[in-house]
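Chemist: Just passing along the structure, written as structure tokens.
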Amino acid sequence: MLKIYFGELKGSVYNTDVYFKYAYEDEWLMDPLAKEIIKDIDKSEVLDRFLIDSPVLGKIPPTMLSGGTKTLLLMLNEPEKVFNASTCGDNCAKWILEIAKRQDLTINLGHLMDFGSGYFEIEILNTGQIVNDMVSLIPIAHDCLVKWEASL
């Protein structure tokens with residue numbers, strides 16, 4: 001199940017770019033889901049565990065993937081940690097939901113992410129509520145984010 005905490009959460013990994021640089025393991029790229037994520041988000045092809053073919057950048061190492069892709073790979077491979085998903089665009093939302101179908105996943109968000117028009121199951125850790133669609137998620141996320149911003 002996907003669990004979201006809106007606002008700052010102590011212990012979350014906020015600088016996913018730097019964290020990825022030191023935590024990434026070569027085998028991560030060989031996972032079929034990782035290859036799908038890289039193809040979809042960065043429009044790039046995994047050539048081997050060290051090399052990716054990007055239509056924009058040419059042949060690149062994994063450390064040059066987009067911030068959203070790196071964050072998704074971290075979520076997939078280190079689900080026990082909480083990552084700041086605000087580094088991800090809305091194009092990552094379907095992958096966050098997919099990862100959460102495979103394993104429990106807790107993320108931190110400082111904005112409202114669009115999880116689409118379909119059914120999903122997300123627990124909002126700020127309130128303990130479970131939501132199943134964007135219509136239910138929007139007002140709860142808004143309230144949580146307003147309270148967080150007021151506390152800054």
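The values are calculated or read from the model by the stated rules, or taken from the named source; none is laboratory data. The structure presented is a predicted model; accordingly, all values stated were derived computationally and were not measured. All Cβ positions, even for glycine, are placed from backbone atoms using ideal geometry, and neighbour counts span all protein chains on display. The accessibility values were calculated without ligands, DNA or RNA, using every heavy atom of the protein model including side chains. Shrake-Rupley method; radii C 1.70, N 1.55, O 1.52, S 1.80 Å.
Chemist: How far apart, in nm, are two points set 7 Å out from the Cα along the Cα-to-Cβ line at Gln129 and at Lys3?
Modeler: According to this spin-label approximation, the distance is 1.8 nm.
Chemist: What is the angle, in °, between the Cα long axis of helix 93-102 and the longest principal axis of the Cα atoms in the chain? Nearest 10 is fine, range 0 to 90.
Modeler: Result, in degrees: 90.
Chemist: Also, quick follow-up: May I ask which residue of Ser54, Leu2, Met30 lies farthest towards the positive end of the charge dipole of the range 1-100, with charges of +1 (Lys, Arg) and -1 (Asp, Glu) on Cβ and the Cα centre as origin?
Modeler: Positive-end residue among those listed: Leu2.
Chemist: Also, I was wondering about something else. Quick one: ranking Tyr119, Tyr19 by accessible area, 1.4 Å probe, largest first, what do you get?
Modeler: Ranked from most to least accessible, the order is Tyr119, Tyr19.
Chemist: I'd like the accessible area for Leu73: 1.4 Å probe, protein heavy atoms, all chains in place, Å² to the nearest 10.
Modeler: The accessible area comes out at roughly 0 Å².
Chemist: Then there's this: Give me the 1.4 Å probe accessible area per residue for the range 37-109, excluding ligands and nucleic acids, in Å².
Modeler: About 43 Å² of surface per residue is accessible.
Chemist: Calculate how steeply helix 134-151 sits against the longest principal axis of the alpha-carbon atoms of the chain, using the helix alpha-carbon long axis, and give the answer as 0 to 90 degrees to the nearest 10.
Modeler: 80 degrees
Chemist: Further question: Tell me the accessible surface of Lys3 in square angstrom (1.4 angstrom probe, heavy atoms of protein chains only), to the nearest ten.
Modeler: 60 Å²
Chemist: Moving to a separate point now. Mind running the shape call on the range 68-130? Use the C-alpha gyration tensor, a ≥ b ≥ c as the square roots of the eigenvalues: rounded below 1.5 for a/c, prolate if a/b tops b/c, oblate otherwise.
Modeler: Rounded.
Chemist: So, one more: Of the candidates Leu29, Leu51, Leu65, which one comes out as most mobile in a Gaussian network treatment of the chain with C-alpha springs shorter than 10 Å?
Modeler: Taking springs between Cα atoms under 10 Å, the residue moving most is Leu51.
Chemist: Right, something else. What 222 nm value per residue comes from the helices of the chain, counting each DSSP H run with n ≥ 4 as -39,500 (n - 2.57) and dividing by all residues, nearest 500 deg cm²/dmol?
Modeler: Roughly -11500 deg cm²/dmol at 222 nm, from the helical runs in the chain.
Chemist: Also: Could you tell me which of the pairs Lys10/Lys147; Lys39/Lys101; Lys81/Lys101; Lys35/Lys94 are separated by over 25 angstrom between their Cα atoms in the structure shown?
Modeler: Going by Cα-Cα distance, every pair falls inside the 25 Å limit.
Chemist: What length, rounded to one decimal in nm, is gained on full extension from Thr63 through to Ser136, with 0.36 nm per residue of separation minus their alpha-carbon distance?
Modeler: Stretched fully, the Thr63-Ser136 segment lengthens by 22.6 nm.
Chemist: Probe radius 1.4 Å, ligands and nucleic acids left out: which of Lys35, Lys59, Lys147 has the largest accessible area, and how do the rest follow?
Modeler: Lys147, Lys59, Lys35
Chemist: Still on this structure: Strictly under 4.7 angstrom between C-beta atoms: which cysteines of the chain have no such partner?
Modeler: So far as the 4.7 Å Cβ criterion goes, Cys144 stand without a partner in the chain.
Chemist: Could you work out the relative contact order of the range 35-137? I mean the mean sequence separation of Cα pairs under 8 Å and 6+ apart, divided by the number of residues, in percent.
Modeler: 17 percent
Chemist: Round to the nearest 0.05 the FRET efficiency obtained for Trp148 and Lys39 when R0 = 25 Å and r is the Cβ-Cβ distance.
Modeler: Calculated value: 0.15.
Chemist: Another question, if that's okay. Compute, for Glu8, the solvent-accessible surface of its heavy atoms (probe 1.4 Å) with the complete set of protein chains present, and express it in square angstrom to the nearest 10.
Modeler: Rounded to the nearest 10, that gives 120 Å².
Chemist: Out of Asp26, Asp90, Asp40, any idea which swings most in a Gaussian network model of the chain, alpha carbons joined below 10 Å?
Modeler: Maximum among the listed residues: Asp26.
Chemist: Continuing with this model, one more query. Taking the Cα-to-Cβ direction at Glu80 and at Lys101 and moving 7 Å from each Cα, how far apart do the two end points lie in nm?
Modeler: Here the answer is 2.6 nm between the modelled labels.
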